[in-house]
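For reference, the structure discussed in these notes is given below.
The values are calculated or read from the model by the stated rules, or taken from the named source; none is laboratory data. Here the structure is a predicted model, which is why all the values come from computation and not from measurement. We place every Cβ from the backbone using ideal geometry, glycine too, and count neighbours over all the protein chains shown. Quick note on the areas: whole protein, heavy atoms, side chains included, nothing else; ligands and nucleic acids left out. Shrake-Rupley method; radii C 1.70, N 1.55, O 1.52, S 1.80 Å.
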Amino acid sequence: MPESIAAAGWRFDNSYARLPETLFAASQPAPVRSPAVVVVNEPLAAELGLDPTILRDHGAGVFAGNEIPPGAEPIAQAYAGHQFGHFTNLGDGRAILLGEQIGPSGRRYDIQLKGAGRTRYSRGGDGRAAIGPMLREYIVSEGMHALGIPTTRSLAVATTGELVLRNAPLAGAVLTRVAASHIRVGTFQFAAAVEDDRLLPALLDHAIARHDPTAAESADPAVAFFAGVVERQAALVARWMLVGFVHGVMNTDNMAVSGETIDYGPCAFLDTYDPATVFSSIDQQGRYAYANQPGIAHWNLARLAESLLPVVRGGEDESLEAVRGVLATFPERFDRHYLAGARAKLGLVTEEDGDRDLFAALLRSMHESQADFTATFAGLASMAESHAVPAREATAPTLREWQAGWLARLERQSGTPAQVAARMRQVNPVVIPRNHRVEEALSAAESGDFGPLHQLLAALRDPFVETKDNERYRGGPPAGCGAYRTFCGT
Ligand code: AMP
Ligand code: MG
(Lines give C-alpha, C1' and ligand atoms only; values in the text may rest on other atoms or scores of the structure.)
(Ligands and ions follow the chains in the order given, each with its own letter.)
Protein backbone atom coordinates (compact mmCIF):
# COMPACT_ATOMS: atom_id res chain seq x y z
CA MET A 1 0.00 0.00 0.00
CA PRO A 2 1.28 3.50 -0.83
CA GLU A 3 2.68 5.25 2.20
CA SER A 4 0.43 8.31 1.83
CA ILE A 5 -2.85 6.44 2.37
CA ALA A 6 -1.34 4.24 5.09
CA ALA A 7 -0.63 7.43 7.02
CA ALA A 8 -4.20 8.79 6.79
CA GLY A 9 -4.81 8.24 10.54
CA TRP A 10 -6.12 4.66 10.67
CA ARG A 11 -6.54 3.38 14.19
CA PHE A 12 -8.29 0.02 14.17
CA ASP A 13 -9.31 -2.18 17.06
CA ASN A 14 -11.33 -5.11 15.78
CA SER A 15 -13.34 -6.38 18.72
CA TYR A 16 -15.95 -8.15 16.58
CA ALA A 17 -13.25 -10.30 15.01
CA ARG A 18 -12.37 -11.55 18.50
CA LEU A 19 -15.86 -13.04 19.03
CA PRO A 20 -16.51 -16.76 18.42
CA GLU A 21 -15.80 -17.43 14.76
CA THR A 22 -19.25 -18.77 13.91
CA LEU A 23 -20.42 -15.14 14.01
CA PHE A 24 -18.31 -14.11 11.02
CA ALA A 25 -16.01 -15.22 8.22
CA ALA A 26 -12.64 -13.67 7.43
CA SER A 27 -13.12 -12.16 3.95
CA GLN A 28 -10.84 -10.13 1.75
CA PRO A 29 -12.42 -7.61 -0.62
CA ALA A 30 -11.98 -8.72 -4.23
CA PRO A 31 -9.72 -6.25 -6.07
CA VAL A 32 -11.27 -4.30 -8.93
CA ARG A 33 -9.87 -3.18 -12.25
CA SER A 34 -9.84 0.58 -12.02
CA PRO A 35 -10.74 2.26 -8.71
CA ALA A 36 -11.75 5.93 -8.74
CA VAL A 37 -13.17 8.13 -5.98
CA VAL A 38 -16.55 9.71 -6.76
CA VAL A 39 -17.18 11.41 -3.43
CA VAL A 40 -15.51 11.59 -0.03
CA ASN A 41 -17.27 12.88 3.06
CA GLU A 42 -14.62 15.22 4.41
CA PRO A 43 -16.35 16.31 7.66
CA LEU A 44 -17.00 12.66 8.53
CA ALA A 45 -13.39 11.76 7.73
CA ALA A 46 -12.26 14.40 10.22
CA GLU A 47 -14.65 13.04 12.86
CA LEU A 48 -13.05 9.62 12.37
CA GLY A 49 -9.57 11.05 12.78
CA LEU A 50 -8.75 10.48 9.11
CA ASP A 51 -7.05 13.05 6.91
CA PRO A 52 -9.70 14.25 4.42
CA THR A 53 -7.16 15.41 1.83
CA ILE A 54 -5.27 12.12 1.85
CA LEU A 55 -8.52 10.19 1.52
CA ARG A 56 -9.66 12.35 -1.36
CA ASP A 57 -6.37 12.24 -3.25
CA HIS A 58 -5.16 8.72 -2.44
CA GLY A 59 -8.23 6.85 -1.09
CA ALA A 60 -9.46 5.14 -4.27
CA GLY A 61 -7.64 1.87 -3.57
CA VAL A 62 -8.99 1.59 -0.02
CA PHE A 63 -12.51 2.68 -0.95
CA ALA A 64 -12.71 0.15 -3.79
CA GLY A 65 -11.25 -2.72 -1.74
CA ASN A 66 -7.89 -2.97 -3.53
CA GLU A 67 -5.85 -1.85 -0.52
CA ILE A 68 -6.39 -2.81 3.10
CA PRO A 69 -5.58 -0.04 5.58
CA PRO A 70 -3.10 -0.93 8.35
CA GLY A 71 -4.72 -2.63 11.33
CA ALA A 72 -7.90 -3.70 9.50
CA GLU A 73 -8.95 -7.37 9.73
CA PRO A 74 -11.66 -7.71 7.09
CA ILE A 75 -14.62 -9.98 7.89
CA ALA A 76 -18.16 -10.63 6.71
CA GLN A 77 -20.71 -10.88 9.51
CA ALA A 78 -23.20 -13.73 9.83
CA TYR A 79 -26.82 -12.93 10.56
CA ALA A 80 -30.31 -14.23 10.02
CA GLY A 81 -33.52 -12.33 9.57
CA HIS A 82 -37.22 -12.30 8.95
CA GLN A 83 -37.63 -11.04 5.39
CA PHE A 84 -41.23 -9.98 4.77
CA GLY A 85 -42.15 -12.21 7.72
CA HIS A 86 -40.15 -15.31 6.70
CA PHE A 87 -37.08 -16.50 8.61
CA THR A 88 -33.89 -16.91 6.53
CA ASN A 89 -30.17 -17.34 7.15
CA LEU A 90 -28.30 -14.43 5.63
CA GLY A 91 -25.02 -12.66 6.38
CA ASP A 92 -22.98 -10.02 4.60
CA GLY A 93 -23.22 -11.25 1.04
CA ARG A 94 -21.71 -8.15 -0.48
CA ALA A 95 -20.36 -6.20 2.44
CA ILE A 96 -17.01 -6.51 4.18
CA LEU A 97 -16.29 -4.98 7.56
CA LEU A 98 -12.75 -3.59 7.49
CA GLY A 99 -12.73 -3.13 11.23
CA GLU A 100 -13.49 -0.65 13.99
CA GLN A 101 -11.83 2.74 13.71
CA ILE A 102 -11.28 4.48 17.04
CA GLY A 103 -11.93 8.18 16.52
CA PRO A 104 -10.12 11.05 18.28
CA SER A 105 -12.97 11.22 20.83
CA GLY A 106 -12.44 7.54 21.67
CA ARG A 107 -15.65 6.56 19.88
CA ARG A 108 -15.65 3.29 17.97
CA TYR A 109 -16.90 3.25 14.37
CA ASP A 110 -17.46 0.23 12.12
CA ILE A 111 -16.04 0.84 8.67
CA GLN A 112 -17.63 -1.37 6.05
CA LEU A 113 -17.23 -1.69 2.29
CA LYS A 114 -20.58 -2.39 0.63
CA GLY A 115 -20.27 -4.01 -2.80
CA ALA A 116 -16.70 -5.28 -2.22
CA GLY A 117 -17.09 -8.79 -3.59
CA ARG A 118 -18.33 -12.23 -2.67
CA THR A 119 -18.20 -13.72 0.82
CA ARG A 120 -19.22 -17.00 2.43
CA TYR A 121 -22.74 -15.56 2.69
CA SER A 122 -23.19 -14.46 -0.93
CA ARG A 123 -25.33 -17.44 -2.02
CA GLY A 124 -26.08 -16.82 -5.70
CA GLY A 125 -25.16 -13.11 -5.61
CA ASP A 126 -22.13 -11.46 -7.19
CA GLY A 127 -21.17 -9.52 -4.06
CA ARG A 128 -21.20 -6.33 -6.09
CA ALA A 129 -23.22 -3.12 -6.23
CA ALA A 130 -24.06 -0.57 -8.91
CA ILE A 131 -23.25 3.10 -8.66
CA GLY A 132 -26.90 4.25 -8.49
CA PRO A 133 -27.93 2.43 -5.30
CA MET A 134 -24.61 3.20 -3.58
CA LEU A 135 -24.88 6.93 -4.29
CA ARG A 136 -28.52 6.75 -3.27
CA GLU A 137 -27.52 5.39 0.14
CA TYR A 138 -24.83 8.06 0.41
CA ILE A 139 -27.30 10.87 -0.34
CA VAL A 140 -30.19 9.69 1.80
CA SER A 141 -28.11 8.65 4.82
CA GLU A 142 -26.25 11.97 4.84
CA GLY A 143 -29.59 13.79 4.43
CA MET A 144 -30.89 11.84 7.41
CA HIS A 145 -27.86 12.76 9.47
CA ALA A 146 -28.32 16.45 8.67
CA LEU A 147 -31.93 16.15 9.90
CA GLY A 148 -30.51 15.00 13.24
CA ILE A 149 -31.86 11.46 12.90
CA PRO A 150 -29.64 8.55 14.02
CA THR A 151 -28.23 6.78 10.99
CA THR A 152 -25.28 4.93 9.56
CA ARG A 153 -23.16 7.37 7.60
CA SER A 154 -21.36 7.34 4.29
CA LEU A 155 -17.66 8.05 4.05
CA ALA A 156 -17.13 7.55 0.34
CA VAL A 157 -18.27 6.06 -2.93
CA ALA A 158 -15.71 4.72 -5.40
CA THR A 159 -16.32 3.27 -8.81
CA THR A 160 -14.64 0.00 -9.75
CA GLY A 161 -14.16 0.37 -13.50
CA GLU A 162 -16.10 -2.88 -13.85
CA LEU A 163 -19.66 -3.58 -14.91
CA VAL A 164 -22.25 -5.32 -12.76
CA LEU A 165 -24.97 -7.22 -14.49
CA ARG A 166 -28.49 -6.37 -13.32
CA ASN A 167 -31.37 -5.93 -15.77
CA ALA A 168 -28.75 -4.11 -17.79
CA PRO A 169 -24.99 -3.75 -17.32
CA LEU A 170 -24.30 -0.94 -14.83
CA ALA A 171 -21.18 0.77 -13.54
CA GLY A 172 -19.94 -0.99 -10.41
CA ALA A 173 -19.28 0.96 -7.21
CA VAL A 174 -18.42 0.45 -3.55
CA LEU A 175 -19.90 2.45 -0.67
CA THR A 176 -17.85 2.93 2.50
CA ARG A 177 -20.36 2.85 5.32
CA VAL A 178 -19.72 4.01 8.87
CA ALA A 179 -21.86 2.77 11.76
CA ALA A 180 -21.93 2.63 15.55
CA SER A 181 -22.04 -1.10 14.81
CA HIS A 182 -23.60 -3.41 12.26
CA ILE A 183 -25.23 -5.62 14.89
CA ARG A 184 -28.78 -6.26 13.75
CA VAL A 185 -31.85 -7.82 15.33
CA GLY A 186 -31.04 -10.58 12.84
CA THR A 187 -27.54 -11.00 14.32
CA PHE A 188 -29.18 -12.05 17.61
CA GLN A 189 -31.59 -14.27 15.69
CA PHE A 190 -28.61 -15.97 14.09
CA ALA A 191 -26.79 -16.43 17.42
CA ALA A 192 -29.93 -17.88 18.99
CA ALA A 193 -30.59 -20.26 16.09
CA VAL A 194 -27.10 -21.83 15.97
CA GLU A 195 -26.47 -24.70 18.36
CA ASP A 196 -23.53 -23.18 20.16
CA ASP A 197 -24.11 -21.94 23.69
CA ARG A 198 -21.18 -19.54 23.50
CA LEU A 199 -22.57 -17.32 20.78
CA LEU A 200 -25.46 -15.53 22.42
CA PRO A 201 -23.66 -14.56 25.66
CA ALA A 202 -20.61 -13.37 23.70
CA LEU A 203 -22.71 -11.32 21.28
CA LEU A 204 -24.73 -9.85 24.13
CA ASP A 205 -21.62 -8.79 26.08
CA HIS A 206 -20.18 -7.27 22.94
CA ALA A 207 -23.36 -5.35 22.10
CA ILE A 208 -23.71 -4.14 25.68
CA ALA A 209 -20.13 -2.90 25.74
CA ARG A 210 -20.75 -0.95 22.55
CA HIS A 211 -24.27 0.37 23.02
CA ASP A 212 -25.46 -0.01 26.61
CA PRO A 213 -22.46 -0.13 28.95
CA THR A 214 -24.66 0.60 31.98
CA ALA A 215 -26.70 -2.55 31.27
CA ALA A 216 -23.66 -4.59 32.35
CA GLU A 217 -24.20 -3.41 35.95
CA SER A 218 -27.89 -4.27 35.88
CA ALA A 219 -29.37 -7.24 37.78
CA ASP A 220 -30.36 -8.64 34.40
CA PRO A 221 -28.13 -7.31 31.62
CA ALA A 222 -30.08 -8.96 28.78
CA VAL A 223 -33.32 -7.31 29.88
CA ALA A 224 -31.62 -3.95 30.41
CA PHE A 225 -30.04 -4.19 26.95
CA PHE A 226 -33.39 -5.09 25.42
CA ALA A 227 -34.99 -2.08 27.10
CA GLY A 228 -32.28 0.11 25.56
CA VAL A 229 -32.96 -1.26 22.08
CA VAL A 230 -36.73 -0.81 22.50
CA GLU A 231 -36.24 2.79 23.59
CA ARG A 232 -33.89 3.62 20.72
CA GLN A 233 -36.17 2.06 18.12
CA ALA A 234 -39.22 3.85 19.53
CA ALA A 235 -37.36 7.15 19.30
CA LEU A 236 -36.02 6.38 15.82
CA VAL A 237 -39.27 5.33 14.18
CA ALA A 238 -41.03 8.35 15.72
CA ARG A 239 -38.40 10.56 14.08
CA TRP A 240 -38.95 8.82 10.73
CA MET A 241 -42.70 9.36 10.94
CA LEU A 242 -42.26 13.03 11.73
CA VAL A 243 -40.21 13.69 8.59
CA GLY A 244 -42.27 11.41 6.33
CA PHE A 245 -39.56 8.77 5.86
CA VAL A 246 -40.46 5.31 4.58
CA HIS A 247 -37.65 2.79 5.18
CA GLY A 248 -39.06 0.33 2.69
CA VAL A 249 -37.54 -2.99 3.90
CA MET A 250 -37.90 -3.20 7.66
CA ASN A 251 -36.82 -6.83 7.74
CA THR A 252 -35.23 -7.82 11.05
CA ASP A 253 -31.82 -7.96 9.36
CA ASN A 254 -32.24 -4.29 8.44
CA MET A 255 -32.79 -3.10 12.01
CA ALA A 256 -29.71 -2.17 14.02
CA VAL A 257 -29.63 -2.59 17.80
CA SER A 258 -27.70 0.72 17.97
CA GLY A 259 -30.90 2.56 16.99
CA GLU A 260 -29.35 3.91 13.78
CA THR A 261 -31.27 3.83 10.51
CA ILE A 262 -29.56 1.14 8.42
CA ASP A 263 -29.73 -0.36 4.93
CA TYR A 264 -31.08 2.25 2.60
CA GLY A 265 -32.59 0.22 -0.20
CA PRO A 266 -36.03 1.10 -1.53
CA CYS A 267 -36.49 3.92 0.97
CA ALA A 268 -37.93 7.36 0.20
CA PHE A 269 -39.52 10.44 1.73
CA LEU A 270 -43.20 11.24 1.22
CA ASP A 271 -44.03 14.06 -1.12
CA THR A 272 -47.84 14.27 -0.87
CA TYR A 273 -49.06 12.88 2.41
CA ASP A 274 -50.70 9.47 2.26
CA PRO A 275 -50.25 7.10 5.21
CA ALA A 276 -50.58 4.06 2.92
CA THR A 277 -47.54 5.05 0.86
CA VAL A 278 -45.24 2.21 -0.22
CA PHE A 279 -42.27 2.96 -2.46
CA SER A 280 -40.71 -0.46 -2.79
CA SER A 281 -41.60 -2.35 -5.93
CA ILE A 282 -41.13 -5.66 -4.09
CA ASP A 283 -43.50 -4.78 -1.21
CA GLN A 284 -46.67 -5.95 -2.94
CA GLN A 285 -48.71 -6.29 0.25
CA GLY A 286 -47.75 -2.92 1.70
CA ARG A 287 -46.24 -4.58 4.77
CA TYR A 288 -43.74 -1.73 5.13
CA ALA A 289 -46.05 1.17 4.26
CA TYR A 290 -45.44 4.50 6.01
CA ALA A 291 -48.19 4.06 8.61
CA ASN A 292 -47.22 0.46 9.39
CA GLN A 293 -43.69 1.27 10.52
CA PRO A 294 -44.30 1.58 14.28
CA GLY A 295 -46.20 -1.73 14.31
CA ILE A 296 -43.47 -3.44 12.30
CA ALA A 297 -40.76 -2.12 14.61
CA HIS A 298 -42.72 -3.60 17.52
CA TRP A 299 -43.02 -6.94 15.67
CA ASN A 300 -39.28 -6.97 14.95
CA LEU A 301 -38.52 -6.25 18.60
CA ALA A 302 -40.63 -9.27 19.54
CA ARG A 303 -38.24 -11.34 17.38
CA LEU A 304 -35.31 -9.83 19.31
CA ALA A 305 -37.07 -10.64 22.60
CA GLU A 306 -37.43 -14.30 21.57
CA SER A 307 -33.78 -14.48 20.61
CA LEU A 308 -32.66 -13.02 23.94
CA LEU A 309 -34.72 -15.41 26.11
CA PRO A 310 -31.88 -17.94 26.64
CA VAL A 311 -29.64 -15.27 28.17
CA VAL A 312 -32.26 -13.67 30.42
CA ARG A 313 -31.72 -14.56 34.09
CA GLY A 314 -34.21 -16.67 36.05
CA GLY A 315 -36.47 -19.56 35.09
CA GLU A 316 -38.32 -19.88 31.81
CA ASP A 317 -41.54 -18.23 33.02
CA GLU A 318 -39.76 -15.36 34.74
CA SER A 319 -37.63 -14.67 31.67
CA LEU A 320 -40.64 -14.64 29.42
CA GLU A 321 -42.45 -12.26 31.72
CA ALA A 322 -39.45 -9.94 31.98
CA VAL A 323 -38.98 -9.50 28.22
CA ARG A 324 -42.72 -9.36 27.60
CA GLY A 325 -42.99 -6.54 30.10
CA VAL A 326 -40.29 -4.55 28.30
CA LEU A 327 -41.69 -5.31 24.86
CA ALA A 328 -45.09 -4.06 25.98
CA THR A 329 -43.61 -0.62 26.66
CA PHE A 330 -42.89 -0.03 22.97
CA PRO A 331 -46.24 1.57 22.03
CA GLU A 332 -46.15 4.07 24.90
CA ARG A 333 -42.49 4.88 24.29
CA PHE A 334 -43.17 5.44 20.60
CA ASP A 335 -46.19 7.54 21.43
CA ARG A 336 -44.23 9.71 23.87
CA HIS A 337 -41.55 10.47 21.26
CA TYR A 338 -44.09 10.98 18.51
CA LEU A 339 -46.27 13.33 20.52
CA ALA A 340 -43.29 15.36 21.73
CA GLY A 341 -42.09 15.68 18.14
CA ALA A 342 -45.58 16.53 16.88
CA ARG A 343 -45.88 19.32 19.46
CA ALA A 344 -42.51 20.70 18.39
CA LYS A 345 -43.58 20.67 14.74
CA LEU A 346 -46.67 22.70 15.68
CA GLY A 347 -44.66 25.14 17.80
CA LEU A 348 -46.23 23.99 21.05
CA VAL A 349 -44.23 24.23 24.24
CA THR A 350 -47.01 23.51 26.72
CA GLU A 351 -49.00 20.27 26.84
CA GLU A 352 -52.76 20.05 26.39
CA ASP A 353 -54.93 16.97 26.05
CA GLY A 354 -56.18 18.09 22.66
CA ASP A 355 -52.69 18.27 21.09
CA ARG A 356 -52.75 14.74 19.74
CA ASP A 357 -56.10 15.37 18.02
CA LEU A 358 -54.91 18.70 16.69
CA PHE A 359 -51.95 17.00 15.00
CA ALA A 360 -54.07 14.12 13.72
CA ALA A 361 -56.61 16.59 12.29
CA LEU A 362 -53.84 18.35 10.38
CA LEU A 363 -52.64 15.05 8.92
CA ARG A 364 -56.22 14.17 7.92
CA SER A 365 -56.63 17.49 6.20
CA MET A 366 -53.27 17.03 4.44
CA HIS A 367 -54.36 13.59 3.27
CA GLU A 368 -57.68 14.90 1.94
CA SER A 369 -56.09 17.81 0.11
CA GLN A 370 -53.05 15.76 -1.05
CA ALA A 371 -50.80 18.29 0.57
CA ASP A 372 -47.02 18.00 0.41
CA PHE A 373 -45.77 16.70 3.79
CA THR A 374 -42.55 18.70 4.10
CA ALA A 375 -43.84 21.92 2.50
CA THR A 376 -46.97 21.97 4.68
CA PHE A 377 -45.01 21.77 7.92
CA ALA A 378 -42.39 24.22 6.66
CA GLY A 379 -45.22 26.62 5.75
CA LEU A 380 -46.76 26.51 9.21
CA ALA A 381 -44.04 28.74 10.63
CA SER A 382 -45.06 31.57 8.29
CA MET A 383 -48.69 30.94 9.17
CA ALA A 384 -47.83 31.31 12.86
CA GLU A 385 -46.10 34.58 12.08
CA SER A 386 -48.69 36.15 9.78
CA HIS A 387 -51.84 34.36 10.98
CA ALA A 388 -52.73 33.94 7.28
CA VAL A 389 -52.92 30.86 5.09
CA PRO A 390 -50.50 31.33 2.17
CA ALA A 391 -52.18 31.78 -1.20
CA ARG A 392 -50.76 28.53 -2.57
CA GLU A 393 -52.67 26.64 0.12
CA ALA A 394 -55.95 28.27 -0.94
CA THR A 395 -57.04 24.99 -2.48
CA ALA A 396 -57.07 23.45 0.95
CA PRO A 397 -60.13 24.84 2.72
CA THR A 398 -59.80 22.15 5.40
CA LEU A 399 -56.37 23.56 6.29
CA ARG A 400 -57.94 27.00 6.77
CA GLU A 401 -60.45 25.52 9.16
CA TRP A 402 -57.74 23.69 11.06
CA GLN A 403 -55.62 26.81 11.25
CA ALA A 404 -58.15 28.67 13.43
CA GLY A 405 -58.01 25.98 16.11
CA TRP A 406 -54.21 25.84 15.99
CA LEU A 407 -53.78 29.62 16.27
CA ALA A 408 -56.16 29.64 19.24
CA ARG A 409 -54.02 26.90 20.80
CA LEU A 410 -50.86 28.98 20.26
CA GLU A 411 -52.56 31.91 22.02
CA ARG A 412 -52.83 29.80 25.17
CA GLN A 413 -49.04 29.66 25.61
CA SER A 414 -46.44 32.37 25.90
CA GLY A 415 -44.17 33.56 23.12
CA THR A 416 -44.54 36.06 20.30
CA PRO A 417 -45.49 34.81 16.82
CA ALA A 418 -41.89 35.45 15.73
CA GLN A 419 -40.55 33.31 18.56
CA VAL A 420 -42.98 30.51 17.77
CA ALA A 421 -42.01 30.62 14.10
CA ALA A 422 -38.28 30.58 14.91
CA ARG A 423 -38.76 27.50 17.09
CA MET A 424 -40.75 25.73 14.40
CA ARG A 425 -38.09 26.43 11.81
CA GLN A 426 -35.60 24.49 13.90
CA VAL A 427 -37.60 21.28 13.60
CA ASN A 428 -39.46 21.46 10.29
CA PRO A 429 -36.99 20.97 7.44
CA VAL A 430 -37.34 22.83 4.18
CA VAL A 431 -35.03 20.48 2.27
CA ILE A 432 -35.26 16.68 2.33
CA PRO A 433 -33.84 14.20 -0.19
CA ARG A 434 -36.78 14.51 -2.57
CA ASN A 435 -37.16 11.47 -4.82
CA HIS A 436 -37.12 13.40 -8.07
CA ARG A 437 -33.99 15.32 -7.04
CA VAL A 438 -32.23 12.13 -5.93
CA GLU A 439 -33.09 10.45 -9.24
CA GLU A 440 -31.92 13.52 -11.14
CA ALA A 441 -28.53 13.39 -9.37
CA LEU A 442 -28.21 9.63 -9.90
CA SER A 443 -28.99 9.66 -13.59
CA ALA A 444 -26.49 12.49 -14.16
CA ALA A 445 -23.88 10.53 -12.15
CA GLU A 446 -24.58 7.40 -14.17
CA SER A 447 -23.64 9.32 -17.28
CA GLY A 448 -20.50 10.75 -15.67
CA ASP A 449 -21.76 14.18 -14.53
CA PHE A 450 -21.30 14.51 -10.78
CA GLY A 451 -22.30 18.20 -10.59
CA PRO A 452 -25.96 17.58 -9.62
CA LEU A 453 -24.83 15.07 -6.95
CA HIS A 454 -22.60 17.62 -5.26
CA GLN A 455 -25.23 20.38 -5.52
CA LEU A 456 -27.84 18.11 -3.92
CA LEU A 457 -25.44 17.05 -1.15
CA ALA A 458 -24.69 20.72 -0.44
CA ALA A 459 -28.42 21.55 -0.21
CA LEU A 460 -29.05 18.62 2.15
CA ARG A 461 -26.29 19.66 4.53
CA ASP A 462 -28.36 22.55 5.91
CA PRO A 463 -31.97 21.36 5.74
CA PHE A 464 -33.64 23.83 8.09
CA VAL A 465 -32.74 27.14 6.46
CA GLU A 466 -34.34 28.62 3.33
CA THR A 467 -31.64 29.99 1.05
CA LYS A 468 -31.46 31.13 -2.55
CA ASP A 469 -29.28 28.09 -3.31
CA ASN A 470 -31.67 25.50 -1.94
CA GLU A 471 -34.76 26.92 -3.63
CA ARG A 472 -34.89 24.30 -6.37
CA TYR A 473 -34.56 21.51 -3.80
CA ARG A 474 -37.51 22.65 -1.68
CA GLY A 475 -40.44 21.95 -3.96
CA GLY A 476 -42.22 18.67 -4.65
CA PRO A 477 -42.12 16.86 -7.99
CA PRO A 478 -43.76 18.42 -11.04
CA ALA A 479 -47.46 17.50 -11.30
CA GLY A 480 -48.22 14.36 -13.28
CA CYS A 481 -45.03 12.54 -12.24
CA GLY A 482 -47.07 9.57 -11.05
CA ALA A 483 -46.36 7.35 -8.06
CA TYR A 484 -42.70 6.99 -7.25
CA ARG A 485 -41.26 3.46 -7.11
CA THR A 486 -37.86 2.28 -6.05
CA PHE A 487 -36.23 -1.03 -6.80
CA CYS A 488 -34.38 -3.02 -4.20
CA GLY A 489 -30.89 -1.62 -3.99
CA THR A 490 -28.86 -4.40 -5.51
P1 AMP B 1 -30.66 -6.30 1.54
O2 AMP B 1 -31.92 -6.50 0.78
O3 AMP B 1 -29.70 -5.33 0.90
O4 AMP B 1 -30.87 -6.02 2.98
O5 AMP B 1 -29.88 -7.70 1.43
C6 AMP B 1 -30.42 -8.91 1.87
C7 AMP B 1 -29.37 -9.99 1.80
O8 AMP B 1 -28.97 -10.24 0.44
C9 AMP B 1 -28.10 -9.67 2.57
O10 AMP B 1 -27.64 -10.86 3.17
C11 AMP B 1 -27.17 -9.21 1.49
O12 AMP B 1 -25.81 -9.40 1.85
C13 AMP B 1 -27.55 -10.09 0.32
N14 AMP B 1 -27.23 -9.49 -0.97
C15 AMP B 1 -27.80 -8.41 -1.54
N16 AMP B 1 -27.24 -8.13 -2.73
C17 AMP B 1 -26.28 -9.05 -2.93
C18 AMP B 1 -25.32 -9.30 -3.97
N19 AMP B 1 -25.26 -8.55 -5.07
N20 AMP B 1 -24.47 -10.34 -3.81
C21 AMP B 1 -24.52 -11.13 -2.74
N22 AMP B 1 -25.38 -10.94 -1.72
C23 AMP B 1 -26.25 -9.92 -1.80
MG1 MG C 1 -29.80 -5.61 4.54
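Assorted remarks:
- The range 1-56-the range 107-178 distance, computed between alpha-carbon centres (Å): 14 Å
- Counting only protein heavy atoms and a 1.4 Å probe, the chain has 40 square angstrom of accessible area per residue.
- Given charges at beta-carbon only (K, R positive; D, E negative), |dipole| of the chain in Debye: 800 debye
- Percent accessible area from carbon and sulfur atoms, the range 296-367, protein chains only, probe 1.4 Å: 51 percent
- For the range 186-338, the convex hull spanned by the alpha carbon atoms encloses 114 Å³ per residue.
- Spin-label model, Leu309/Ala291: points 7 Å from Cα along the beta carbon direction are separated by 3.3 nm.
- Surface/4 of the Cα convex hull for the range 262-397, nm²: 11.7 nm²
- Residues Arg485 and Glu446, FRET efficiency given R0 of 22 Å [Cβ-Cβ distance, rounded to 0.05]: 0.80
- Karplus-based coupling profile of the range 463-478, in residue order and whole Hz: x, 9, 10, 6, 10, 4, 5, 9, 3, 6, 9, 8, x, x, x, x, with θ = phi - 60° in 6.51 cos²θ - 1.76 cosθ + 1.60 and x standing for Gly or Pro.
- Derived scalar couplings between HN and Hα for the range 58-67 equal 10, x, 3, x, 5, 6, 9, x, 7, 10 Hz in order, rounded to whole Hz, by the Karplus curve 6.51 cos²θ - 1.76 cosθ + 1.60 (θ = phi - 60°), x for Gly and Pro.
- Radius, Kirkwood style, for the range 133-210 when every pair of distinct Cα atoms is counted (Å): 15.3 Å
- Approximate spin-label separation Arg472-Asp13, in nm, with each point projected 7 Å along Cα-to-Cβ: 4.7 nm
- Within the chain, the ratio Rg/Rh, alpha carbon atoms throughout and Rh by Kirkwood, equals 0.97.
- Under the span-like rule (Cα at least 27 Å along the axis, Kyte-Doolittle mean at least -0.5), DSSP H helices of the chain: 221-243
- Label point distance in nm, His367-Asp197, each placed 7 Å from Cα along Cα→Cβ: 5.2 nm
- Under 5 Å, built H, 5+ apart or other chain: amide partners of Ala130: Ala173
- Portion, in percent, of the accessible area of the range 167-286 that falls on carbon or sulfur, probe 1.4 Å: 52 percent
- Relative contact order of the range 186-338, pairs being alpha-carbon contacts under 8 Å that are 6 or more residues apart, as %: 31 percent
- Charge sum, other residues only, whose C-beta stays under 12 Å from Arg303's C-beta, Lys/Arg counted +1 and Asp/Glu -1: -1
- Amide N proximity, the range 426-449 versus Phe464 label position 7 Å along Cα-to-Cβ, cut-off under 15 Å: 426-432
- Kirkwood estimate for the range 36-177, i.e. one over the average of 1/r between Cα atoms, Å: 15.8 Å
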